[in-house]
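Shown next, in structure tokens, is the structure this report addresses.
Here, each number is a calculation from the coordinates, and none is a lab measurement. For clarity, every value in this text was computed on a predicted model and none was experimentally measured. Note that each Cβ is placed from the backbone with ideal geometry, even for glycine, and that neighbours are counted across all protein chains shown.
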């Protein structure tokens, strides 16, 4: 019995020592706080949002830095990937489910979404449409739920398949384009203009539009021959 007790005590002592050494090793390995100034900032600036969130798991000092700069990083790159779910009744808030954090719900203020429909999104921007059947027009706007920025687009007379823009919405040099799937034309708008400018594909062809993208400030039309 005494021998068994001695073995148990010896095992417990070894276990405590092993745990202590393991903790000391982890603290030693994960202590990145002594890095030269600016190195952590350069590393974080090069990361996408998903990697930036994982960046906080390196050590306590990196976690503190991430918490202090998270909002700045989101404003510089993009917001959190979320699934937006409008409420059953008309409301000025919408429920967002975070796609990165389990069971994380966000309540975002969206005063301009009241009475409108979420038509889709591009990057951080929600596309909101408000049809006015009586006047045969559709009002369109872009809303960034993370920053609260809003851009009103000119009215259109029918739904379009897709809207794209060349830069940051709201800037004077940003160009916006609309198109309809399998259509033969597209609409262009710049902030100085009052309405959309209708453009058509080259006459004499049987091509129709099937997609529209913008890459580094240039628009590309993808067509298909009927």
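If neighbour count is taken as other Cβ atoms inside 10 Å, put 215, 118 in order from fewest to most.
On the way: 215 9, 118 16.
Lowest count first: 215, 118.
Please state the shape class of the stretch 176-226: rounded when a/c is under 1.5, otherwise prolate if a/b exceeds b/c and oblate if not, all from the C-alpha gyration tensor.
oblate
With 10 angstrom as the radius, rank 214, 200 by how many other C-beta atoms surround their C-beta, starting from the fewest.
Numbers: 214 16, 200 9.
Ordered by Cβ neighbours within 10 Å, fewest first: 200, 214.
Test of understanding: ordering 207, 124, 51 by Cβ neighbours within 10 Å, fewest first, what list do you get? Could you put the intermediate results ahead of the total?
Working: 207 15, 124 22, 51 11.
Going from sparsest to densest Cβ surroundings: 51, 207, 124.
Under 8 Å for C-alpha pairs, at least 6 residues apart: give me the relative contact order for the stretch 161-226, rounded to a whole percent. Intermediate values should be presented prior to the final figure.
Numbers: 130 pairs, mean separation 18.0, N = 66.
Once divided by the residue count of the stretch 161-226, the mean separation gives 27 percent.
Under the rule a/c < 1.5 gives rounded, and otherwise a/b versus b/c splits prolate from oblate, where does the stretch 129-226 land using the Cα gyration tensor?
Numbers: a/c = 2.01, a/b = 1.34, b/c = 1.50.
Because a/c hits 1.5 or more and a/b fails to exceed b/c, the stretch 129-226 counts as oblate.
Would you please put 168-176, 144-152 in order of how densely packed they are, using the mean number of other Cβ atoms within 10 angstrom per residue and starting with the highest?
Ranking, from highest mean packing down: 144-152, 168-176.
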